[in-house]
Amino acid sequence: MKKIDFTSLILLETEDYIIVNKPPYFATLEDRHEAQNMLAIGKEYWEDLQVCHRLDKETSGCLVFAKNPEAYRHISLQFENRTVEKVYHAVAEGIHDFDGVLVDRNLTASNKGIARIAAQGKPAQTLFKTLKTYFSHSLIACKPITGRLHQIRVHLAYLGAPICGDTLYGGKPLYLSQLKRKFNLKKDTEERPIMQRVSLHARSITFEGLSGETITAEAPYPKDFAVLIKQLEKTS
């Protein structure tokens, strides 16, 4: 993996916080399988940087860092009180008309990092709203109220709308040949999915700064997500 320039990822920087657009396939914290992670390259830019929350390795989008301990404590309390507003975009299988649908289902996680709905699990709530429908897929805005492991993925699967590429929770990879009628694959080549990961992107985040001001940022889609949307647009 080539060295990533942290400054090129910055969406917004204040005296206290930095919000970046995390690339996919990039761990938030130290990962023994990877040479680079977001916190390590962030600290090269600002020595005292602390990461305020986590995104799954495959998930792209808004990630917040605090530049000092006071800022870290301030946003940590907001996460604890569930006042940080996060919006994710997901491409889900099927056509769905979610208009503020709330999924309130407890989640538990196994020691292998797999989440499932369980009555004795921890409380988990997510709001879903359909942004656009295509021939056989939907672009959905997801607002997690809590922050459990794989919460959005499991809750969408519960609604019968698994995320494209999310094979762990019932989603299937999406191939160009499924969308394009006259698709010809080159001889002796194997077709790859349009997106080779879970189709989930942390689109925006909003929270309160130390002076009471509203801090908000929106992350553009990375290349693979943008290509997927572009291909789906042709089927709508």
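Tabulated data
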| item | result |
| --- | --- |
| In region 111-134, the residues that are in contact with a Ser or Thr (Cβ under 6 Å, 6 or more places away or on another chain) and of a type in the set (A, V, I, L, M, F, W, C) | Ala118, Ala124 |
| Candidate set from region 85-98 (those that are in contact with a Ser or Thr (Cβ under 7 Å, 6 or more places away or on another chain) and not small (Gly, Ala, Ser)); member that is nearest to Asp166 (Cα to Cα) | Val91 |
| Selection count where residues are small (Gly, Ala, Ser) and in contact with a helix residue (DSSP H, G or I) (Cβ under 9 Å, 6 or more places away or on another chain), scope region 62-96 | 3 |
| Any hit, region 139-148, residues being closer than 16 Å to Leu200 by Cβ, touching a residue at least 24 places away in the same chain (Cβ under 8 Å) and out of contact with any strand residue (DSSP E or B) (no Cβ under 6 Å at 6 or more places or on another chain) | yes |
| Selection count where residues are in contact with a strand residue (DSSP E or B) (Cβ under 7 Å, 6 or more places away or on another chain) and of a type in the set (S, T, N, Q), scope region 84-115 | 2 |
| Matching entry among Leu63, Leu49 (being touching a Lys or Arg at 6+ places or on another chain (Cβ under 6 Å), in contact (Cβ under 8 Å) with a residue 40 or more places away in the chain and surrounded by 20 or more Cβ atoms within 10 Å (Cβ to Cβ)) | Leu63 |
| Test set (1) farther than 19 Å from Gly61 by Cα; (2) out of contact with any Ser or Thr (no Cβ under 7 Å at 6 or more places or on another chain); (3) of a type outside the set (A, V, I, L, M) - Asp166 fails condition number | (1) |
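Per-residue answers, yes or no, for (1) under 19 Å from Arg203 (Cβ atoms); (2) surrounded by fewer than 17 Cβ atoms within 10 Å (Cβ to Cβ); (3) at pLDDT 95 or above:
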site	(1), (2), (3)
Phe128	yes, no, yes
Leu131	yes, yes, yes
Gly160	no, yes, yes
Thr167	no, yes, yes
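The values are calculated or read from the model by the stated rules, or taken from the named source; none is laboratory data. Here the structure is a predicted model, which is why all the values come from computation and not from measurement. Counting neighbours? That spans all protein chains shown, and the Cβs are built from the backbone with ideal geometry, glycine included.
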